[in-house]
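Data first, discussion second: the structure below is written as structure tokens.
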Amino acid sequence: MEKKGVKIDPDFLDKKSKEFSLYLEKLEKDIIQLAGEGFNISSPLQLSKILFEKLALPTKGIKKTKNGYSTGQKELEKLKDYHPIIAKIEEFREYSKLKNTYIDALPKLADKNNRIHSTFNQDITSTGRLSSTNPNLQNIPIRSELGRQIRQGFISDNNNVIISADYSQFELRLAAALSNDTGLINSFKNNEDIHSKTASEMFNIPLDEVSKDQRRAAKVINFGVLYGMSAHRLASELGTNYYEAKHFIDNYFNSRKPIADFIQKTLLKAEQEGYVETFYGRQRPTPDIKSSNFIIRETAKRAAANMPIQGTEADLMKRAMIKIHKKITKTGLGDQILQIHDSILIESPKENAAKIAEILKYEMENIAPELPINLKVDINIGQNWLDI
DNA sequence: CGAGTCTGTTTG
DNA sequence: GTATCAAACAGACTCG
């Protein structure tokens, strides 16, 4: 992946850069106007003074940092109704982040063939995942519509296509497998909507009576509570009160006994053995589990509960990548160009795409027959990273 | 002036 | 009373 690199479209990114520049200038003008004086919008310290001293916006419920009131996204959201400058600042942050970190940075790193060669570190993370640096190609935007467009700047070479293979619900499937939660395992086997299923069990109602909000709550819980999300944060994410959130969490663990037991077992191991491990034996030491400091100790517990699942995912991905190298690269069909934790990207001549798709799906879905879970892989094919 | 920290934003 | 895990990076800022 490092040697092959991934091709970008510098003309596309240059065009985007100019668009963004124009709009940022306009935003900056508007913000200065609303503030009544010039200042560096990118400086949280200066911005904080403008918002909370000059404009005297309410500070009730605003988090403090070392240097004053916080201007983070969450805090700005609370101020939105008090002043039109807030929305502009949020927009300024979004556009400048995308321009500075991606649109302008990526073309500088390309070689003469317009390919970017990231470094994939194999000995950095505490769970066994890869990490990507210079540039980090594992955090290219996708969640916001504006940011997602940047993916159009990642393209295949002439006559080639990009093929993506993503594990569906990787984390939850691994949690089900490692805890041997037969109910959850069967739900996956039957291809059920897992968030709706969770909601129906949590709220003790039939599957077809699950409301949109109930499904949304179950989804947040499926991703967060597994690793120790507090009732407090769950309440703020769902917009409900603390007691209801606490009730949700209790219900969740009551209806997912095997997962609750698995977490307990993992924590006990961390305390007694001083480490936790993946299904295949990759270890992470857990010295902080015995810390006398509550915050450090509780943080260590959450990290310990998370590691076997995230780490087993990482083990499986690495095993899959080796298999794919053997079946796809060594046979001359195509090259791996990126790995993003639960997802692999291949570049190949377009006439090989169908064959590669078939190999990817089969090899990745059958990478761990020893685990009591069926893995599911989604394949997409396109000319650029936005279309897949 | 360079190294390191802080704040804030991006991803799985 | 404390509270989701795992990463990288830009720009501002501080320190020696």
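Just so it is clear, none of the values below were taken in a lab; they were calculated from the coordinates. As the structure is a computational prediction, the values presented were derived from the model and not from experiment. In this analysis, Cβ positions are derived from the backbone assuming ideal geometry, glycine residues included, and neighbour counts consider all displayed protein chains.
Provide the FRET efficiency to the nearest 0.05 for the A:ASP14-A:GLN169 pair, computing r from the beta carbons and using R0 = 45 Å.
That gives a FRET efficiency of 0.75.
Let me know the shape class of chain A, please: from the alpha-carbon gyration tensor, a ≥ b ≥ c as square roots of the eigenvalues, rounded when a/c is under 1.5, otherwise prolate if a/b is greater than b/c, or oblate.
oblate
For A:SER21 and A:ASP213, what does the FRET efficiency come to when R0 = 51 Å and r is the distance between their Cβ atoms, rounded to the nearest 0.05?
Calculated value: 0.80.
Return a whole-number percent for the relative contact order of chain A, with Cα pairs under 8 Å and 6 or more residues apart as the contact set.
It rounds to 22 percent for chain A.
Would you work out the charge dipole size for chain A about its Cα centre, treating the Cβ of every Lys and Arg as +1 and the Cβ of every Asp and Glu as -1, and quote it to the nearest 20 debye?
700
Connecting C-alpha atoms closer than 10 Å in a GNM of chain A, tell me which of A:ASP157, A:ASP11, A:ASP342 has the biggest fluctuation.
So, out of A:ASP157, A:ASP11, A:ASP342, the one fluctuating most is A:ASP11.
Using the membrane-span-like helix rule (whole DSSP H runs, Cα extent along the own axis of at least 15 Å, mean Kyte-Doolittle hydropathy at least 0.5), which helices of chain A qualify?
none
If you take the charge dipole of the range A:185-318 about its Cα centre, with +1 on Lys and Arg Cβ and -1 on Asp and Glu Cβ, which of A:SER255, A:LEU226, A:LEU268 is farthest toward its positive end?
Ranked along the dipole, the leading option is A:LEU268.
Which longest uninterrupted range of chain A lacks any GluC sites (Glu not before Pro) assigned by DSSP to a loop state (not H, G, I, E or B) and surrounded by at most 10 other Cβ atoms within 10 Å?
A:38-369
Name the most mobile residue of A:SER196, A:SER144, A:SER156, meaning the one with the largest mean-square fluctuation, in a Gaussian network model of chain A with Cα contacts below 10 Å.
The residue with the greatest mean-square fluctuation here is A:SER144.
Considering only the other residues whose Cβ falls under 10 Å of the Cβ of A:GLU363, what net charge follows from Lys and Arg at +1 and Asp and Glu at -1?
+3
Please name which of A:SER96, A:GLY36, A:LEU360 has its Cα lying farthest along the dipole of chain A towards the positive end, using unit charges on Cβ (Lys, Arg +1; Asp, Glu -1) and the Cα centre as origin.
A:GLY36
Could you work out the longest stretch of chain A that avoids the trypsin sites (Lys or Arg not before Pro) located in DSSP loops with at most 10 other Cβ atoms within 10 Å?
Segment A:144-329 is the longest.
Tell me which residues come under 5 Å, amide H to amide H, from A:ILE337 once H is placed; ignore anything under 5 positions away on its chain.
For A:ILE337, whose amide H was placed from the backbone, the distant partners under 5 Å are A:LEU345, A:ILE346, A:GLU347.
By a straight-distance test (C-alpha under 22 Å), which lysines pair with A:LYS269 as possible cross-link partners, with residues fewer than eight away in the same chain excluded?
Here the lysines satisfying the reach criterion relative to A:LYS269 are A:LYS257, A:LYS290, A:LYS301.
Please list 3J(HN,Hα) in residue order for the range A:112-127, calculated via the Karplus relation 6.51 cos²θ - 1.76 cosθ + 1.60 where θ = phi - 60°; whole Hz, with x for glycine and proline.
Working through the residues one at a time gives 5, 9, 6, 10, 10, 10, 6, 9, 9, 6, 9, 9, 10, 7, 8, 10 Hz.
Treat the count of other C-beta atoms within 10 Å as a stand-in for reagent exposure and order A:TYR102, A:TYR242 from fewest to most.
With the sparsest Cβ surroundings first, the list reads A:TYR242, A:TYR102.
Using the Karplus curve 6.51 cos²θ - 1.76 cosθ + 1.60 with θ = phi - 60°, work out ³J(HN,Hα) for each residue of the range A:382-387 in order, rounded to whole Hz, and write x for Gly and Pro.
x, 8, 9, 6, 6, 7
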